[in-house]
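See structure below.
The values are calculated or read from the model by the stated rules, or taken from the named source; none is laboratory data. In this text, all values refer to a predicted model and were calculated from it rather than measured experimentally. Cβ sites come from the backbone with ideal geometry, for glycine too, and all protein chains shown count toward neighbours. Just so you know, the surface numbers come from the protein's heavy atoms only, side chains and all, with ligands and any DNA or RNA stripped out. Shrake-Rupley method; radii C 1.70, N 1.55, O 1.52, S 1.80 Å.
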Amino acid sequence: MPATNDASTKAGLLRRADLQSLIDALQRNDYRVIGPTVRDATVVYDEIAMVDEMPIGRGDNQDGGHYRLTDRADDAVFGYTNGVQSWRRYLFQPRRTLWRAKREARDFVVEPETEPAPKQAFIGVRACELHAIEIQDKVFVDGTYTDPDYQSRRATAFLVAVNCGSAGGTCFCSSTDTGPRSESGFDLSLTEFLDGADHAFLVEVGSERGAEIAADLPLEAATGADRQRARAITEETAASMGRTMPVDGLKDRLQQSLEHPRWQQVADRCLACSNCTMVCPTCFCSTTEDYTDITGQTAERQQRWDSCFALDHSYLHGGSVRTSTAARYRQWMTHKLAGWIDQFDVSGCVGCGRCITWCPVGIDITEEAAAFSGDGVE
Amino acid sequence: MDANPNAATAVSSAAMADAMLPRRFHVARKRNETADTLTFDLAPADTSDGFSFAPGQFNMLYLFGLGEVPISISGDAEQTDRLVHTVRLVGSVTDGFADLKRGDTIGVRGPYGAGWPMDECNGGDVLVIAGGLGLAPLRPAMYHLFNHRDHYRRVSILYGARSPADIVYHDEIQRWRQQLDINVEVTVDHADLRWHGNVGVITPLVAKAEFDPANTTALVCGPGIMMRFVAATLERRGLASDRIYVSLERNMRCAIAHCGHCQLGPHFVCKDGPVLSHDRVRDILQIAQV
Ligand SMILES: Cc1cc2nc3c(=O)[nH]c(=O)nc-3n(C[C@H](O)[C@H](O)[C@H](O)COP(=O)(O)OP(=O)(O)OC[C@H]3O[C@@H](n4cnc5c(N)ncnc54)[C@H](O)[C@@H]3O)c2cc1C
Ligand code: SF4
Ligand code: SF4
């Protein structure tokens with residue numbers, strides 16, 4: 001066998017008929033495997049055991065305030081684009097108990113919640129979602145304080161990335177430089193090749209752990225031509241993206257336009273429903289709630305996702321700071337696209353398009369950002 | 001050595017490192033400041049270690065089953081054997097402080113945030129300007145100024161309360177007044193018959209305070225509008241905006257820059273504040289509902 005360079009030893013071809021072996025290998029390594037599946041007429045991420053549970057042959061049609069699953073002409077496994085959920089819920093739980101307290105006479109003791117974090121493998125992580133995970137790491141792990149639940153889930157999570165073979169109707173990751181190809185941050189990445197009966201995945205290895213799982217797969221040798229084919233696929237996807245985020249100078253323009261009339265114009269449409277913040281893979285706001293049992297002997301403190309669109313998000317005794325929808329939309333967008341860069345050295349938007357698709361009135365963050373570009377902006 | 005009952009139970013080290021877990025403190029002393037404001041001395045229940053903090057920092061205080069609120073530390077940072085908080089009863093959680101008795105337990109997380117720039121005050125004049133309960137987070141700064149009086153030139157305390165009955169730390173203020181090397185001015189919005197002092201808002205006191213604008217640090221805490229007027233007056237008198245420090249309030253669920261609630265433009269008030277130099281927030285605080 002000729003000597004191979006390092007890069008080519010780290011990739012292989014997995015035939016479509018052998019895709020199940022990936023799930024099996026992960027399960028053998030004690031991972032709870034989570035992947036795409038169709039539920040409630042959308043693609044969601046949930047526990048799967050069989051490739052057949054994945055959205056085979058399904059695609060989607062997306063636009064502002066619009067999502068429809070479609071049937072593709074082929075049997076692509078990853079032919080769909082971003083669905084309503086991101087992976088956020090599996091690392092940063094929508095609701096969790098922080099701790100319980102038990103009353104003992106006039107005293108009480110605090111008992112930490114000790115449920116061990118599950119060992120999870122995610123199949124089908126898009127490049128934008130990988131970036132979103134890395135952004136949440138900055139919030140929950142890299143700061144002064146870490147969130148131990150997030151940190152342990154994150155440390156064990158096995159990430160199987162999928163490079164996008166087509167752009168969703170609301171995607172704009174090529175303008176935010178967060179896709180559509182994953183260059184790093186994954187354990188394994190897949191690029192789907194589908195041409196008639198020729199159906200396979202280029203498997204690229206991104207980590208030590210990834211190499212161990214890859215060693216368990218019936219991979220065929222990949223060639224330089226396979227790699228080129230994979231790159232060409234994501235290049236085509238990037239070229240077909242219909243929206244762009246005008247990132248150049250956007251931070252300063254937004255921070256200098258806090259009293260721009262556009263905020264009121266978008267507020268006239270916005271329902272302050274919080275959908276955009278619930279579907280966004282980078283949003284990290286949470287609140288806490290306290291419960292006591294009926295006897296008053298045990299108390300519990302829970303944390304749950306929250307949204308800056310909620311009136312009580314900014315509550316101080318006497319009233320909320322951001323009472324108007326304009327102030328709340330301004331908070332969401334200026335934080336996401338500007339303040340985030342001050343706080344974490346990276347924009348909070350990875351161009352996944354979810355907030356556009358799932359906004360009931362079709363408010364488009366790229367269009368709102370563009371309103372602050374060019375002429376006429378103070 | 002570790003008397004913490006939590007340490008005895010088998011919890012993972014990750015859980016023990018959880019900043020969201022409160023530590024237990026016992027109420028050692030409770031005093032009425034005014035009809036709606038109480039001061040508590042707290043002692044740690046599970047350790048003999050003292051509580052170290054910097055003036056201007058705050059804690060998250062938890063009352064069993066009721067919830068958790070951010071409250072500034074109002075005691076002397078050099079007396080680490082007791083933790084002092086002053087609480088105004090304004091709502092669902094703070095009202096619960098009225099029922100606390102000596103020996104009762106509360107949860108404490110902290111200390112959090114950036115405090116007053118005591119080092120930067122060295123060698124110059126210091127203005128301490130408080131409105132209402134804004135005096136609570138400033139009291140540790142004052143103790144620091146007293147404990148190291150020779151490090152500073154002129155020290156002035158300007159304090160405004162709603163009425164004579166709303167003056168907190170009443171006896172202590174009398175003692176401060178008697179100290180010859182400190183200038184103390186108190187004003188009330190609404191006087192009663194026995195009040196012989198200043199009446200009206202605090203800005204006139206700021207306008208005539210004696211300080212060297214080239215070498216002064218101002219520490220300001222009070223209602224938002226008061227801080228804005230005070231800062232504007234100080235700037236008019238030649239004090240640079242970056243020598244004026246304000247302590248801000250925002251909703252806080254976690255105090256560790258995770259929950260997102262306390263954001264003010266690019267700042268997390270819990271982490272970058274609550275004390276911020278005025279030049280960092282002046283522009284954004286001009287904007288409504290920010
Ligand atoms: C950094 C900081 C320091 C503070 N220091 C003091 C102090 O030394 N003494 C004192 O009496 N008060 C202080 N406060 C204000 C105090 O936190 C609020 O008065 C308290 O949270 C009100 O809670 P409540 O449940 O009684 O009121 P409610 O009106 O019933 O409020 C419901 C909830 O909203 C949130 N909330 C309401 N008001 C505020 C507020 N002003 N700031 C933050 N969250 C709020 C709390 O989570 C509260 O539980 C401070 C606030 C901050 C941010
Ligand atoms: S702001 Fe919208 S497009 Fe950007 S990451 Fe969040 S949901 Fe996706
Ligand atoms: S922008 Fe759209 S999704 Fe977001 S709160 Fe407003 S109406 Fe809801």
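The figures follow:
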read-out: Prolate/oblate/rounded call for the stretch A:13-120, Cα gyration tensor, a/c under 1.5 rounded; value: oblate
read-out: Accessible area of residue A:271 in the full protein assembly, 1.4 Å probe (Å², nearest 10); value: 110
read-out: Shielded residues, the stretch B:39-72 - accessible-area loss of 40 Å² or more between chain alone and all protein chains, probe 1.4 Å; value: B:62, B:64, B:65
read-out: Positive-pole candidate from B:122, B:202, B:152, dipole of the stretch B:118-285, charges at beta carbon; value: B:202
read-out: Summed side-chain charge close to residue A:111 - residues other than residue A:111 whose Cβ falls under 9 Å, Lys, Arg +1, Asp, Glu -1; value: +1
read-out: Summed side-chain charge close to residue B:62 - residues other than residue B:62 whose Cβ falls under 11 Å, Lys, Arg +1, Asp, Glu -1; value: +2
read-out: Debye, to nearest 20: dipole size of chain B, +1 on Lys, Arg Cβ, -1 on Asp, Glu Cβ; value: 360
read-out: Solvent-accessible area buried by pairing A with B, both sides, nearest 100 square angstrom, 1.4 angstrom probe; value: 4300
read-out: The protein assembly as shown, accessible area per residue, ligands and nucleic acids excluded (1.4 Å, Å²); value: 41
read-out: Approximate spin-label separation residue A:41-residue B:52, in nm, with each point projected 7 Å along Cα-to-Cβ; value: 6.1
read-out: Dimensionless Rg ratio for the stretch A:305-378, taking C-alpha atoms and the 2.2 N^0.38 Å reference; value: 1.22
read-out: Cβ-based net charge around residue A:169, under 15 Å, with every Lys or Arg adding one and every Asp or Glu removing one; value: +2
read-out: Cross-link pairs B:30/B:271; B:208/B:271; A:102/B:101; A:10/A:336; B:30/B:208; A:102/A:138 - those with Cα-Cα distance over 25 Å; value: B:30/B:271; B:208/B:271; A:10/A:336; B:30/B:208; A:102/A:138
read-out: Average silhouette area of the protein assembly as shown, convex hull of alpha-carbon atoms, in square nanometres; value: 35.0
read-out: Heavy atoms of residue B:153: accessible area, 1.4 Å probe, square angstrom to 10; value: 110
read-out: Theoretical FRET efficiency, 1/(1+(r/R0)^6), r = Cβ-Cβ of residue A:373 and residue B:289, R0 25 Å, to 0.05; value: 0.55
read-out: Once the Cα gyration tensor of the stretch A:246-322 is diagonalised, semi-axes √(5λ) in Å; value: 34, 15, 12
read-out: Cα-based radius of gyration of the stretch B:7-112 once divided by 2.2 N^0.38 Å, which approximates compact folds; value: 1.06
read-out: Highest-MSF residue in chain B out of B:61, B:38, B:138 [GNM, Cα springs under 10 Å]; value: B:38
read-out: For chain A: relative contact order, % (alpha-carbon pairs under 8 angstrom, 6 or more apart); value: 22
read-out: Cα shape, chain A, gyration tensor, a/c 1.5 rule; value: oblate
read-out: Within the accessible area of the protein assembly as shown (1.4 Å probe), percent carbon and sulfur; value: 48
read-out: Backbone N under 19 Å from the residue B:162 label point (7 Å along Cα→Cβ), restricted to the stretch B:108-142; value: B:130-137
read-out: Virtual spin-label span in nm between residue B:241 and residue B:201, 7 Å along Cα→Cβ; value: 2.0
read-out: In Å², nearest 10: area of residue B:92 left accessible to a 1.4 Å probe; value: 100
read-out: The stretch B:153-167-the stretch B:99-138 distance, computed between alpha-carbon centres (Å); value: 15
read-out: Largest to smallest accessible area among B:287, B:225 [probe 1.4 Å]; value: B:225, B:287
read-out: Value of relative contact order over the stretch B:7-112, rounded to a whole percent, pairs C-alpha under 8 Å and six or more apart; value: 34
read-out: Whole-Å distance, taken between Cα centres, linking the stretch A:18-61 and the stretch A:97-115; value: 38
read-out: Rg/Rg_globular for the stretch A:250-371, with Rg_globular taken as 2.2 N^0.38 Å and Rg from C-alpha atoms; value: 1.20
read-out: At least 40 Å² of accessible area lost relative to the chain alone, listed for the stretch A:289-303 with a 1.4 Å probe; value: A:290, A:301
read-out: Debye log10 I(q)/I(0) for the stretch B:207-265, one point scatterer per Cα, at q = 0.13, 0.19, 0.26 Å⁻¹; value: -0.44, -0.73, -1.04
read-out: Cβ-placed point charges (K, R +1; D, E -1), dipole of the protein assembly as shown about Cα centre in debye, nearest 20; value: 1600
read-out: Positive dipole terminus of the stretch A:11-239, leading residue within A:13, A:57, A:174 (C-beta point charges); value: A:174
read-out: Beta bridges per DSSP with both ends in the stretch A:11-239, % antiparallel, nearest 5; value: 75
read-out: Centroid-to-centroid separation of the stretch A:256-307 and the stretch B:211-255 [C-alpha atoms, Å]; value: 30
